[in-house]
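The values are calculated or read from the model by the stated rules, or taken from the named source; none is laboratory data. This is a predicted model, so every value here is computed, not measured. Cβ placement follows ideal geometry from the backbone for every residue including glycine, while neighbour counts extend to all protein chains displayed. Calculation scope for accessible area: heavy atoms of the full protein, side chains included, ligands and nucleic acids excluded. Shrake-Rupley method; radii C 1.70, N 1.55, O 1.52, S 1.80 Å.
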Amino acid sequence: MGALEVIDPAFIQAPEHRPKPESVQANNVPLIDLSPLAAQEPDPGALESLVAQIGQACKDWGFFQVINHGVALHLREKMELVSKQFFAMQKDEKKKVARDEVKPLGYNPPQMKEVCQQYGAEMEKLGHKLLELIALSLGLERDRFKGFFEGGTTSFIRLNHYPPCPVPDLALGVGRHKDAGALTVLAQDEVGGLQVKRKSDGEWILVHPTPNAYIVNVGDIIQVWSNDKYESVEHRVKVNAERERFSIPYFMNPTHDTKVEPLDELLSSRNAAKYRAYCWGEFFATRKLSNFKKLHVENVQIYHYKN
Ligand code: OGA
Ligand code: NI
């Protein structure tokens with residue numbers, strides 16, 4: 001039976017308005033298996049191939065998903081549960097821990113603090129493993145980034161809740177943006193909605209929910225460290241008419257006084273520094289200020305430091 005006999009022709013969209021066929025959607029952010037890291041005696045070949053995959057993903061997409069990452073599923077489930085418990089509370093209760101300049105963090109359900117601390121510690125471990133792979137993929141020493149995170153990082157966890165939206169085609173859960181920090185490690189639930197701007201053609205690509213995977217993206221700081229080799233890529237979140245969605249990003253950020261600048265080892269006469277150095281803590285404080293108050297100040301961006 002042809003399509004015209006199944007549905008009223010009035011519903012058929014002109015070709016340019018039809019949803020993209022699967023073949024296009026199949027070109028999605030890479031899925032990378034981290035199991036070589038867990039091996040007792042790491043196989044050099046497998047490790048080398050892993051580093052190559054990470055480098056390719058950072059260059060082509062700025063985003064990838066990881067599986068066999070070593071983070072216990074029960075801990076992720078506990079984190080997801082306290083997040084749901086928090087958002088299910090009465091507005092007045094939630095307001096008690098509202099963020100402001102002097103109180104950027106808050107806890108409310110009884111186990112929340114402990115679970116956030118445990119989960120944050122696991123994210124930090126995974127984040128360092130990923131940074132090591134990224135360093136190797138850039139031809140740097142494995143622990144090249146480690147020092148930037150010693151003595152008190154500014155990393156944090158965010159809990160996102162996107163309620164169902166009656167006009168999902170007119171609104172967005174989070175508008176397009178780039179993450180300002182070093183690395184983001186995101187747990188998204190099975191609903192899906194995160195879209196990444198594909199570098200090859202600028203199309204918005206949905207990142208398919210993969211059970212127990214984490215979505216990783218390089219932030220602005222890695223873009224600067226790598227002197228634009230690994231760009232921080234725009235992303236946004238679609239909402240859903242029927243289903244609410246939860247996501248939990250971990251933002252891995254260096255110490256407050258880190259001076260962010262292209263790494264010397266990557267520079268040469270043919271690859272001059274594209275950025276002037278900036279202080280991460282000051283940069284981030286300016287971003288947060290404009291986020292909290294919607295002041296009429298332009299949001300600070302790394303391109304303001306371009307040479
Ligand atoms: C963010 C973000 C994506 C998501 O919080 O910066 O991009 O899927 N979240 O919620
Ligand atoms: Ni983001």
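Could you tell me which numbered condition residue 106 fails, if it satisfies all but one of (1) surrounded by 13 or more Cβ atoms within 10 Å (Cβ to Cβ); (2) within 16 Å of ligand 1 (Cβ to nearest atom)?
Here residue 106 meets the rest and fails (2).
Going through the stretch 1-42 one residue at a time, which ones are farther than 21 Å from residue 128 by Cβ, touching a helix residue (DSSP H, G or I) at 6+ places or on another chain (Cβ under 9 Å) and at pLDDT 65 or above?
9, 29
Can you tell me which residue is farthest from residue 105 (Cα to Cα) among those in the stretch 136-172 that are near ligand 1 (Cβ under 10 Å from one of its atoms) and open to solvent by 50 Å² or more (accessible area, probe 1.4 Å)?
Per the stated criteria, the residue is 161.
Condition test on residue 84, is it open to solvent by 90 Å² or more (accessible area, probe 1.4 Å), among the basic types (Lys, Arg) and modelled with pLDDT of 95 or more?
yes
A quick yes/no check of all residues on (1) in contact with a Gly (Cβ under 8 Å, 6 or more places away or on another chain); (2) in contact (Cβ under 8 Å) with a residue 12 or more places away in the chain; (3) within 16 Å of ligand 1 (Cβ to nearest atom):
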| residue | (1), (2), (3) |
| --- | --- |
| 237 | yes, yes, yes |
| 245 | yes, yes, yes |
| 250 | yes, yes, yes |
| 257 | yes, yes, no |
| 261 | no, yes, no |
| 264 | no, no, no |
| 270 | no, no, no |
| 275 | no, yes, no |
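Taking residue 64 and the conditions (1) within 23 Å of residue 125 (Cα to Cα); (2) part of a helix (DSSP H, G or I), which numbered condition does it fall short on, given that it satisfies the others?
Going through (1) within 23 Å of residue 125 (Cα to Cα); (2) part of a helix (DSSP H, G or I) one by one, residue 64 breaks only (2).
May I ask you to list the residues in the stretch 232-242 that are surrounded by fewer than 22 Cβ atoms within 10 Å (Cβ to Cβ) and under 19 Å from residue 175 (Cα atoms)?
233, 234, 236, 237, 238, 240, 241
So that you can scan it fast, the table gives a plain yes or no per residue for (1) in contact with a helix residue (DSSP H, G or I) (Cβ under 7 Å, 6 or more places away or on another chain); (2) within 14 Å of ligand 2 (Cβ to nearest atom); (3) open to solvent by less than 40 Å² (accessible area, probe 1.4 Å); (4) at pLDDT below 95:
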| position | (1), (2), (3), (4) |
| --- | --- |
| 174 | no, yes, no, yes |
| 177 | no, yes, no, yes |
| 182 | yes, yes, yes, no |
| 190 | no, no, no, no |
| 198 | no, no, yes, yes |
| 201 | no, no, no, yes |
| 213 | no, no, yes, no |
| 219 | no, yes, yes, no |
| 224 | yes, no, yes, no |
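So which residues in the stretch 236-246 are in contact with a Ser or Thr (Cβ under 9 Å, 6 or more places away or on another chain) and at pLDDT 95 or above?
Passing the criteria: only 246.
What residue, among those in the stretch 120-135 that are free of Cβ contacts under 8 Å to residues at least 40 places away in the same chain and over 21 Å from residue 81 (Cβ atoms), is least open to solvent (accessible area, probe 1.4 Å)?
If we take residues in the stretch 120-135 being free of Cβ contacts under 8 Å to residues at least 40 places away in the same chain and over 21 Å from residue 81 (Cβ atoms), then 135 is least open to solvent (accessible area, probe 1.4 Å).
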